Amino acid sequence: MKDIKYTGVNDHQVDLFEGQFEVPLGMAYNSYVIVDEKICVMDTVDQHFGEEWLKNLKGVIGERAVDFLVVQHMEPDHSANIANFAKAYPGAKIVSSLAAFAMMKNYFGTDFADRRVVIKEGDTLELGAHKLAFVAAPMVHWPEVMVTYDTTEKVLFSADGFGKFGANDVEDPEGWDCEARRYYFGIVGKFGAQVQALLKKAAALDIQTICPLHGPILDTPDKIQHVIKQYLTWSSYGVESEGVCLAYTSVYGHTEAVAEKMSEILKSKGCPKVAIADLARDDMYETVEDAFRYGKLVLATTTYNMGVFPKMEEFLMHLKRRTYRNRKVGLIENGTWAPMAAKGMKEHLAALQGMEICPTVVTVKGSMTAETIVSMEKLAEEILNS
Ligand code: FEO
């Protein structure tokens, strides 16, 4: 990119992103400035980084005044510094959707009526050599979201789209996919149809660079093709990898032993990957991500208060909220005197589209027996053979 400079910040202090997501590699809040005859800033950053961000901006533009701040998304990780910016650059216009200005009033007590430029899908903004075109992206991932296409340098400012967890000053040992997938299904997973609509609009554009609001800039044809391919799969709830997501809860270790055995059986029958997780101890959003990634799901849990163990219930709620669908499921229940967990899980799964539950339900009454293993062998056959 020639005239577009990065002015974002890295956050290594945040304990939980959006109050719930673990971010062991920190988080990046990206912001950009387009330096042309007119100077245009693309989004602000999280509340804790206002000073650093304004300093970064000054580092690029020096004492020049800013003409426009484009606000693509009003979630506070990007919008917290709008009022600080407005004070620092009193001559700048704020450019955003009508819905976003209503939100500004809620957050800042003003909708910047005397200096606002309301834009909608199809509108453009001339900066000199650069021309920006605005594209509506409702529910990716709030209703007011606009993404912006720089027609000159062929850059898509994609808001939360194509973002990932992790700061930009540490290398992610797993590459882009893993934390981008956890981010996608954790945050945007429910809105597959809206992401598909945005991808359709993006397909009509010649995109040479993607500048998201989180994570690295994507600036080669290979990277761009790859992330679009991943988004096409994720937003259509398609199967990305062959294998089984095996999620369990265990009170005294017996159901865990059953789950470990099930994993061994699945692998011995040729399953290429079993992603096994303890829902009470592992990051639940890693398991949500795996449930969407693989085409098959095995749930193993304990009966609790005549129903499903709470952590499994929570997991099923996460899947339901994200409109989980079109998967084959195997059920394993444990219950010392009255096993009820499979019935409860079936009730939750009945609310989801396109779910196929294997006929064999493995029932354990305390600890695993030779009979349990026979039953698990049967379930493994059913889940692996479509
Ligand atoms: Fe990165 Fe939806 O805010």
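The values are calculated or read from the model by the stated rules, or taken from the named source; none is laboratory data. Keep in mind that this is a model prediction, so the values were computed, not measured. Ideal geometry is used to build each Cβ from the backbone, glycine not excepted, and the neighbour counts take in all protein chains shown.
Has the stretch 231-239 got any residue that is over 15 Å from the mean Cα position of the chain (by Cα), surrounded by fewer than 22 Cβ atoms within 10 Å (Cβ to Cβ) and of a type in the set (S, T, Y)?
No: the stretch 231-239 contains no residue that is over 15 Å from the mean Cα position of the chain (by Cα), surrounded by fewer than 22 Cβ atoms within 10 Å (Cβ to Cβ) and of a type in the set (S, T, Y).
Which ones in the stretch 328-386 are of a type in the set (D, E, K, R) and closer than 18 Å to K269 by Cα?
The answer is K328, E377, K378, E381, E382.
Considering (1) within 21 Å of the chain's Cα centre (by Cα); (2) under 21 Å from S241 (Cα atoms), say which one L384 fails and leave the rest.
Going through the list (1) within 21 Å of the chain's Cα centre (by Cα); (2) under 21 Å from S241 (Cα atoms), L384 breaks only (1).
Could you tell me whether the stretch 179-189 includes any residue that is more than 14 Å from the ligand (Cβ to nearest atom) and small (G, A, S)?
no
Which members of the stretch 328-360 meet the condition of being more than 32 Å from the chain's Cα centre (by Cα) and in contact (Cβ under 8 Å) with a residue 24 or more places away in the chain? Spell out how you get there, then give the answer.
Initially, the stretch 328-360 is screened for residues more than 32 Å from the chain's Cα centre (by Cα), giving 334-340, 359-360.
N334, G335, T336, W337, A338, P339, M340, T360 - these are the residues of the stretch 328-360 that are more than 32 Å from the chain's Cα centre (by Cα) and in contact (Cβ under 8 Å) with a residue 24 or more places away in the chain.
Within the stretch 134-151, track down each residue that is surrounded by fewer than 17 Cβ atoms within 10 Å (Cβ to Cβ) and either outside any loop (DSSP other than H, G, I, E, B) or touching a Lys or Arg at 6+ places or on another chain (Cβ under 8 Å) (or both).
Result: T151, single match.
If D160 satisfies all but one of (1) more than 20 Å from D77 (Cα to Cα); (2) assigned to a loop (DSSP other than H, G, I, E, B), what's the number of the condition it fails?
Answer for D160: the failing condition is (1).
For the stretch 146-178, which positions are in contact with a Ser or Thr (Cβ under 8 Å, 6 or more places away or on another chain) and within 15 Å of P216 (Cβ to Cβ)?
Residues satisfying the conditions are V155, L156, F157.
So which residues in the stretch 24-55 are more than 18 Å from the chain's Cα centre (by Cα), away from the ligand (no atom under 15 Å from the Cβ) and closer than 26 Å to W176 by Cβ?
The answer is V33, I34, V41, E52.
Would a scan of the stretch 83-91 turn up a residue that is within 26 Å of K131 (Cβ to Cβ), more than 14 Å from the ligand (Cβ to nearest atom), under 25 Å from the mean Cα position of the chain (by Cα) and at pLDDT 95 or above?
no
Would you please list the contacts, defined by Cβ atoms under 8 Å and residues six or more apart or on different chains, that run from a residue in the stretch 62-77 that is touching a residue at least 60 places away in the same chain (Cβ under 8 Å) and under 13 Å from V95 (Cβ atoms) to a residue that is more than 16 Å from the ligand (Cβ to nearest atom) and not in a loop (DSSP other than H, G, I, E, B)?
Pairs that qualify, where the first residue is touching a residue at least 60 places away in the same chain (Cβ under 8 Å) and under 13 Å from V95 (Cβ atoms) and the partner is more than 16 Å from the ligand (Cβ to nearest atom) and not in a loop (DSSP other than H, G, I, E, B), are D67/I39; D67/C40; D67/K93; V70/C40; V70/V41; V70/V95; V70/L125; V70/L132.
Between V147, V117, V95, which is within 26 Å of Q230 (Cα to Cα) and touching a strand residue (DSSP E or B) at 6+ places or on another chain (Cβ under 6 Å)? Before you say what the answer is, go through the steps one by one.
Details: V117 fails: within 26 Å of Q230 (Cα to Cα); V95 fails: within 26 Å of Q230 (Cα to Cα).
Exactly one residue qualifies, and that residue is V147.
If T209 satisfies all but one of (1) touching a Lys or Arg at 6+ places or on another chain (Cβ under 9 Å); (2) more than 16 Å from the ligand (Cβ to nearest atom); (3) under 22 Å from Q20 (Cα atoms), what's the number of the condition it fails?
If we test T209 against (1) touching a Lys or Arg at 6+ places or on another chain (Cβ under 9 Å); (2) more than 16 Å from the ligand (Cβ to nearest atom); (3) under 22 Å from Q20 (Cα atoms), just (3) comes out false.
Quick check, is V33 assigned to a loop (DSSP other than H, G, I, E, B), at pLDDT 95 or above and buried (at least 16 other Cβ atoms within 10 Å of the Cβ)?
Judged against the criteria, V33 is not a match.
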